[in-house]
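Asks: The structure that follows is given in the form of structure tokens.
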Amino acid sequence: MDNIEKLEQIVTNAKQWILDAGAQIRQSFTTNTLEINFKENPSDLVTDMDKQIEKFFIKKINETFPKHRILGEEGFGDDVKSLEGTVWIIDPIDGTMNFVHMKRHFAISVGIYHNGSGVVGLIYDVVNDELFSGIKGKGAFLNEQPLKKLQAIEIKEAVIGMNAGWLLEKERIHPSILPPLIQSVRGTRSFGSAAIELAYVASGKIDGYISLRLSPWDFAAGKVIIEEVGGHVTTICGEQLVLLNKQTPLFAARPGLHSEIVNNYIKN
Ligand code: IPD
Ligand code: CA
Ligand code: CA
């Protein structure tokens, strides 16, 4: 993505499409009866809107950037096995359970990677009309207002996003690891949308986010946005993420806090 004009064209289109997709979802609240199904289990929901929005992006991207490839959660895109060239990584609705149950607290997440490197991240909180964006080397924004660089804070002041489910017996983190962390921080929150929680880390609303089973479309955009404000997004042990891996145990946080939690709580 050396060609700056091309990057601007990509960003302009991607922002317009994500806003248009959000408008389609808001419109559906008044006009559509939602068709709800589950994939592997009753917690893993998918609706006709998830599919409609993914297909909308695929059509637009294929028409405008025919050489780009698309990895979408609902599987209507390409069979992406490598990040060669330009790849759009799309979660048409992140937080489908919130979408179905509450009609709020869900987002559209679009990450654009070029030869493996994140160049654009867009997360649109549809109901709050908040568009978080990050462009590699150009900063991060909330509705075009620049986000501040993240500063270190003490652990006792930190609010960490995590799901209560991670306290159950799981193969990826021993149940004894999280309680001492929960006791040390100011508080924990669970928003039910990885994309929104990552956008909240980037904008300093929360200070960290832990999740144990994320897929590329959950974090591709958030990683770009957080890194633009100096935060870290790694595996839960502080290692570099393998972007195309599913079931990724992920930890994102402000600088300072990230290493403190990895070294003193997770690896300890
Ligand atoms: C889910 C949400 C949820 C996270 C799950 C994701 P979906 O995405 O981000 O907060 O805990 O791991 O799968 O299924 O609503 O797109
Ligand atoms: Ca998701
Ligand atoms: Ca989804």
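Where a number appears in this text, it was derived from the coordinates with a stated rule and is not lab data. Everything numeric in this text was worked out from a predicted model, so none of it was measured. Don't worry about glycine lacking a Cβ; one is built from the backbone with ideal geometry, like all the others, and counts go over all protein chains shown.
Asks: What nm value, rounded to one decimal, do you get for the distance between residue 48 and residue 27 when each label is placed 7 Å out toward the C-beta?
Replies: With each label point 7 Å from Cα toward Cβ, the separation is 1.5 nm.
Asks: Right, another one. Each residue of the range 173-187 in turn: what ³J(HN,Hα) in whole Hz from Karplus with 6.51, -1.76, 1.60 and θ = phi - 60°, glycine and Pro shown as x?
Replies: Coupling constants for the range 173-187: 8, 5, x, 7, 7, 6, x, x, 5, 4, 6, 7, 8, 5, x Hz.
Asks: Which of 265, 209 has the fewest other C-beta atoms within 10 Å, and how do the rest follow up to the most? Please list the in-between numbers first.
Replies: On the way: 265 17, 209 29.
Ordered by Cβ neighbours within 10 Å, fewest first: 265, 209.
Asks: What do you get for the angle between helix 4-31 and the principal long axis of the chain? Use alpha-carbon atoms, 0 to 90 degrees, nearest ten.
Replies: The answer is roughly 90 degrees.
Asks: Please report how far the C-alpha centroid of the range 9-26 lies from that of the range 79-116, rounded to the nearest whole angstrom.
Replies: Here the answer is 13 Å between Cα centres.
Asks: What is the sum of charges around residue 127, taking Lys and Arg as +1, Asp and Glu as -1, for the other residues whose C-beta is under 11 Å from the C-beta of residue 127? Provide the component values of the computation, followed by the final result.
Replies: On the way: positive: 26, 103, 104; negative: 125, 129, 130.
Result for the neighbourhood of residue 127: 0.
Asks: Using Cα pairs closer than 8 Å and at least 6 residues apart in sequence, work out the relative contact order for the chain, in percent.
Replies: On the way: 550 pairs, mean separation 41.7, N = 268.
Computed over the chain, the figure is 16 percent.
Asks: For residue 236, enumerate residues with amide H under 5 Å from its amide H, sequence gap 5+ or separate chain, H modeled in the peptide plane.
Replies: Residues meeting the amide H criterion: 250, 251.
Asks: Taking the chain as the reference, fit the longest principal axis to its C-alpha atoms, fit the long axis of helix 216-228 to the helix C-alpha atoms, and give the angle between the two in degrees, 0 to 90, nearest 10.
Replies: The helix 216-228 is inclined about 70 degrees to the chain.
Asks: What ranking do 174, 114 get, fewest neighbouring Cβ atoms within 10 angstrom at the top?
Replies: Numbers: 174 10, 114 19.
By the 10 Å Cβ count, ascending, the order reads 174, 114.
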